[in-house]
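**Q** Provided herewith is a single structure, encoded as structure tokens, for subsequent inquiry.
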Amino acid sequence: MPCTTILVGKKASYDGSTMMARNDDSGAGGYTPKKFTVVKPEDQPRKYKSVISNAKIDLPDDPMQYTCVPNAVEGEGIWAASGINAAGVAMTATETITSNERVQGLDPCLDASLKKGGIGEEDLVVLTLPYIKSAREGVVRLGSLLEKYGTYEMNGIGFADKDEVWWLETIGGHHWIARRVPDEAYVVMPNQMGIDMFDLDDALGAQKEHMCSSDMREFIEKGHLDLSISEGFNARYAFGSHEDADHVYNTPRAWYMERYLNPHTYYWDGPTADYRPDSNDIPWSLIPEKKITEEDVKYLLSSHFQGTPYDPYASYGDPSMRGAFRSIGVNRTDFMSLLQIRPDAPAIQWVAFGSNVFNVMVPMYVNINEVPKFLGTCDADVSTDSFYWNSRLIGALANASYKTSLNLIERYQLKVHGKCHEIINRYDEELKNAKAGAAVKISEKANNETAKMVQEETRKVLNQVLKEASNVMKNSYARSDA
């Protein structure tokens, strides 16, 4: 899927959390209803069958409970996408990434249309998240599955626990590399293979910061994939793409995110810029100039190049440059999930639906047995009982009346996010003092209070933007009947 991912190490976040967040975007012209849910061990399959490739995989008999954001409409597989398990390990899958002809010639991706097996985005969370007790274990388990079953697509997958964040990228049909996100740094991933410098000796030895397929060195040598001259092994050069299309679709997103978090570290604008929207060497990770909050992550995953000539909503600058690049917050985002593993409080999964430019994200405790109906109810038909469909409606209406609705959306986002923090702060204190066995009920009470608040505020803003969109209809007329 055409998504955007941000990974944040524990020393780069404002509260010591590890954070992973991803926009899950449908393909051009498509929209996939999604819902937030919790999968109990008894509901996890023991014999898994992929819809797309017909892969059949026996699964262990000891799965853990986990949250996820699957497709709300049956027919194309589960697509569990993003969640946190009972051991406090998070997984996001996937960021569709690119490769090059040399990699595909050496280890071609499988052909899913043949229905002869292979795993992909549809399957990965269900096959991995219920069985891992650390981020490292996630890399190892998924790596072994890729080597055994192969894949029909190139993907990037994130894993996090309270101490580490890891990023895994598939290489061709059966190979993979993974790199640990530095604790003090963040990573941005825009549908393009991102890992740059990679230590093969560590990956094939101590595995402190890097891991990979066991035959990776031979694979690289066989295909003459190492294009580095003097600076060490650059995985992006070896395995990635540098197409003209990347300079419109991918690299501008990385440029904008790093420009926001490191505005003074490099020159980002003008003819003497260190990095431009079309630069192939934008760093995979940087140490931010200030610690990163949830709101920073939400802003970036909502962004449409504000403050630059490329903003499609801009009323300034050269009109021909507006919308020149693929925005981060696009119309066809199905959901955004921020997985926050906190060092001294329960894990939280923040969830938003629809276009991030116009939506709000909602924090959900994950140590629960059921989810609020407003977030967990969705089907193929539009309904104001569903957070997903409310968010889609608000986005379409506010986009059509952008100038007059923008202030309404900003107030909605500020109010909801402020109330969400207040609720979480209050229930964090209650959970600290909770008696044994009471945490689940307290967490569910907090989630229900949050959902009730969000549902009410969402109803209000839907009413408001409907009025504004109606006022700018093409058949509007100023004179009233007399």
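**Q** How big is the antiparallel share of DSSP beta bridges in region 70-181, given as a percent to the nearest 5? Please list the in-between numbers first.
**A** Working: 20 of 21 bridges.
So the antiparallel bridges in region 70-181 amount to around 95 percent.
**Q** Can you tell me what the convex hull of the Cα atoms of region 84-197 projects to on average, as an area in nm²?
**A** Values: hull surface 28.6 nm².
Answer in nm², one decimal: 7.1.
**Q** Right, something else. For a quick check: with amide H placed at 1.01 Å from N, whose amide H comes under 5 Å from Val39's, ignoring anything fewer than 5 positions away on the same chain?
**A** Tyr66, Thr67, Cys68
**Q** Need the list of lysines near Lys467 for cross-linking: C-alpha distance under 18 angstrom, and skip anything on the same chain fewer than eight residues off.
**A** Lys403
**Q** Taking only the Cα atoms of region 153-293, how large is their convex hull per residue, in Å³?
**A** Values: hull volume 18.5 nm³, N = 141.
Hull volume over Cα atoms, normalised by residue count, gives 131 Å³.
**Q** Continuing with the same structure: In sequence order, what are the phi-derived ³J(HN,Hα) couplings for region 202-218 according to the Karplus relation 6.51 cos²θ - 1.76 cosθ + 1.60 with θ = phi - 60°, rounded to whole Hz, with x for glycine and proline?
**A** Whole-Hz 3J(HN,Hα) from phi for region 202-218: 5, 4, 9, x, 5, 6, 6, 10, 9, 9, 6, 4, 5, 9, 4, 5, 5.
**Q** Still on this structure: Please list, ordered by chain and number, the residues whose modelled amide H lies under 5 Å from the amide H of Val165; skip anything fewer than 5 residues away on the same chain.
**A** Hits under the 5 Å cutoff: Val181.
**Q** Helix-derived [θ] at 222 nm for the chain: sum -39500 (n - 2.57) over DSSP H runs of at least 4, divide by residue count, nearest 500?
**A** Values: 13 runs with 149 residues, N = 482.
Helix-only estimate at 222 nm: -9500 deg cm²/dmol.
**Q** Tabulate in residue order the Karplus-calculated ³J(HN,Hα) for region 65-75, using 6.51 cos²θ - 1.76 cosθ + 1.60 with θ = phi - 60°, rounded to whole Hz; enter x for Gly and Pro.
**A** 5, 7, 8, 6, 10, x, 4, 7, 10, 6, x
**Q** Scan (i) 27.5; (ii) 24.7; (iii) 23.6 for the value of mean projected area of the Cα convex hull in nm² calculated from this model and give just the label.
**A** Recomputing mean projected area of the Cα convex hull in nm² here gives the entry labelled (ii).
**Q** What FRET efficiency would be calculated for the residue pair Met197, Lys133, taking the C-beta separation as r and a Förster radius of 35 Å, to the nearest 0.05?
**A** Result of the calculation: an efficiency of 0.75.
**Q** Find the centroid of the Cα atoms in region 236-254 and in region 263-341, then give the distance between the two in whole Å.
**A** 15 Å
**Q** Return the FRET efficiency for the residue pair Leu59, Asp269: r is the Cβ-Cβ distance, R0 is 51 Å, and the value is rounded to the nearest 0.05.
**A** Result of the calculation: an efficiency of 0.50.
**Q** Something else about it: Packing-wise, with mean Cβ within 10 Å as the measure, how do 411-419, 253-261 rank, highest first?
**A** Descending packing order for the listed peptides: 253-261, 411-419.
**Q** While we're on this one: Only sites in a loop by DSSP and with at most 12 other Cβ atoms within 10 Å count here; which trypsin sites (Lys or Arg not before Pro) in region 286-369 make the cut? Intermediate results must be reported in sequence, preceding the final value.
**A** Details: sites: Lys290, Lys291, Lys298, Arg322, Arg326, Arg332; in loops: Lys290, Lys291, Arg322, Arg326, Arg332.
Passing sites in region 286-369 are Lys290.
**Q** Taking Cα atoms of region 15-126, Rg/Rh with Kirkwood Rh, to two decimals?
**A** Radius of gyration over Kirkwood radius for region 15-126 works out to 0.99.
**Q** Something else: How many angstrom lie between the Cα centre of region 356-416 and the Cα centre of region 432-447?
**A** Here the two parts' Cα centres lie 26 Å apart.
**Q** Further, regarding this structure: Cross-link list Lys133/Lys435; Lys56/Lys435; Lys222/Lys290: which exceed 32 angstrom alpha carbon to alpha carbon?
**A** Lys56/Lys435; Lys222/Lys290
**Q** Assuming R0 = 25 Å, can you tell me the calculated FRET efficiency for the pair Asp344 and Ala206, based on Cβ-Cβ distance, to the nearest 0.05?
**A** Working: r = 30 Å, r/R0 = 1.19.
Here the calculated transfer efficiency is 0.25.
**Q** Any aspartates and glutamates with Cα under 20 Å of the Lys11 Cα? List them, leaving off those in the same chain fewer than 8 positions away.
**A** Filter leaves Asp161, Asp163, Glu164, Asp183, Glu184, Glu209, Glu258, Glu289, Glu294, Glu295, Asp296, Asp344.
**Q** Ok, one more. Which of Lys291/Lys445; Lys373/Lys419; Lys298/Lys373; Lys35/Lys115; Lys49/Lys148 have a Cα-Cα distance over 26 Å? Write out the running numbers ahead of the final one.
**A** Working: Lys291/Lys445 31 Å; Lys373/Lys419 19 Å; Lys298/Lys373 23 Å; Lys35/Lys115 28 Å; Lys49/Lys148 15 Å.
Table pairs above 26 Å Cα-Cα are Lys291/Lys445; Lys35/Lys115.
**Q** What ³J(HN,Hα) values, in whole Hz, does the Karplus curve 6.51 cos²θ - 1.76 cosθ + 1.60 give for region 358-363 when θ = phi - 60°, with x put for Gly and Pro?
**A** 10, 9, 10, 10, 10, x
**Q** Between Glu289 and Glu370, what is the label-to-label distance in nm when each label sits 7 Å out along the Cα-to-Cβ direction?
**A** In this crude spin-label approximation the distance works out to 4.9 nm.
**Q** Quick check: net charge around Asp269, other residues with Cβ under 15 Å of its Cβ, Lys/Arg +1 and Asp/Glu -1?
**A** Summing Lys and Arg as +1 and Asp and Glu as -1 gives -3.
Bear in mind these aren't lab numbers, they're just calculated from the coordinates by the rules spelled out. All figures in this text were calculated on a predicted structure; none of them were measured in a lab. With ideal geometry, Cβ positions are generated from the backbone for all residues, glycine too; neighbour counts draw on all protein chains shown.
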